[in-house]
Amino acid sequence: MKPDYLPGTMYTLIQPEGMYHMNSDTELLGRFLKIRHKDTVLDIGTHTGSLLMYAGMHQPAELCGIDLFPEVLAAAEENLNHAGMHAELTVSRVQDFRHDPFDVVLCNPPYYRTENPALRNQDPIRAAARHESFLPLADLFQEAARLTRDHGTFFLVHRSERLPELFRLAEKHHFHPSRMRLAYDHAGGRARTVLLELRRGTAPQLVIESPAWLDDRSSF
């Protein structure tokens, strides 16, 4: 299997057929991360490890990842090892995952609120990556709050049209936005994606960064 390049890095990764493949949202969030050397990092929904690889470029103290499927984490471990990185990988629902709180939690969650089961992807790995029924947004915020230490950071990428809901859930769980970036398919279009850096228990001034244009990778 020919490896793919991890955009903006020197690394490659294997993305087996039938598994969730990274897309522009993964790249946007990966490039948006700000992580310190002393930080402990948790990736919720690790898939084949691309976000952990972006996080690993900052050389944090600890990398951890969770996913529902052992075969997915096996691919992530192979990709991380090839990049010279190590992460503790656990097969678990985030609702069941038990660990001391982390300095940084990050997630590229499922976006689609597909209430009709007939419309969901029938492949269980792709369905879990795409359909919110497997990880409702309210559950994600609740569990991220449990797993992020006080004054820690939660990084998230989501659909821009759900920004009011994201802010409501953030406030409910004592997260405060510190950085935000919108991504557009092209200049003159409507915002498609929002990137958020949320601080737990602190209320810093919100910085809104320059937009990213998906047809111009130099804007990333």
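Each label point was placed 7 Å from the Cα along the Cα-to-Cβ direction; for Ser219 and Glu171 their separation is 3.0 nm. Count Lys and Arg as plus one, Asp and Glu as minus one, and take only other residues whose Cβ is under 9 Å from that of His151; the net charge is then +1.
Mean residue ellipticity at 222 nm, helices only, the chain: -7500 deg cm²/dmol; runs of at least 4 DSSP H residues each add -39,500 (n - 2.57), and the sum is divided by the number of residues.
The length gained by stretching the chain between His37 and Ala61 to full extension, at 0.36 nm per residue less their Cα-Cα distance, is 8.1 nm. Each residue of region 5-12 is assigned a 3J(HN,Hα), and the resulting list reads 7, 7, x, x, 9, 8, 9, 10 Hz, derived from the Karplus form 6.51 cos²θ - 1.76 cosθ + 1.60 (θ = phi - 60°), x at Gly and Pro. Charge tally for Asp39 (other residues, Cβ to Cβ under 12 Å; Lys, Arg +1; Asp, Glu -1): +2. Between Glu209 and Tyr5, the modelled labels are 2.1 nm apart [label points 7 Å from Cα along Cα→Cβ].
For Asn23 and Ser133, what is the calculated FRET efficiency with R₀ set at 25 Å and r taken between the beta-carbons, to the nearest 0.05? Once rounded, the FRET efficiency stands at 0.80. Normalised by the number of residues in the chain, what is the relative contact order in percent for Cα pairs under 8 Å and 6+ residues apart? After rounding, I find 16 percent. The antiparallel fraction among DSSP beta bridges confined to the chain stands at about 45%. Determine which aspartates and glutamates satisfy two conditions relative to Lys34: a Cα distance under 19 Å, and not lying fewer than 8 residues away in the same chain. Cα-Cα hits under 19 Å: Asp25, Asp43, Glu62, Asp103, Asp150, Glu197, Glu209. Backbone amide hydrogens, once placed in the peptide plane, bring Leu214 within less than 5 Å of Tyr184, Asp185, His186, excluding anything fewer than 5 places away on its chain. For the chain, the Cβ-based charge dipole about the Cα centre amounts to some 620 debye (Lys, Arg positive; Asp, Glu negative; other atoms uncharged). Per-atom-type breakdown for the chain gives carbon and sulfur 51% of the accessible area (1.4 Å probe, protein chains only).
The values are calculated or read from the model by the stated rules, or taken from the named source; none is laboratory data. Bear in mind that the values here come from a model prediction, so they are computed numbers and not experimental data. All Cβ positions, glycine included, derive from the backbone under ideal geometry; neighbour counts span all protein chains shown. Accessible surface is based on the protein model in full, side chains and every heavy atom, while ligands, DNA and RNA are left aside. Shrake-Rupley method; radii C 1.70, N 1.55, O 1.52, S 1.80 Å.
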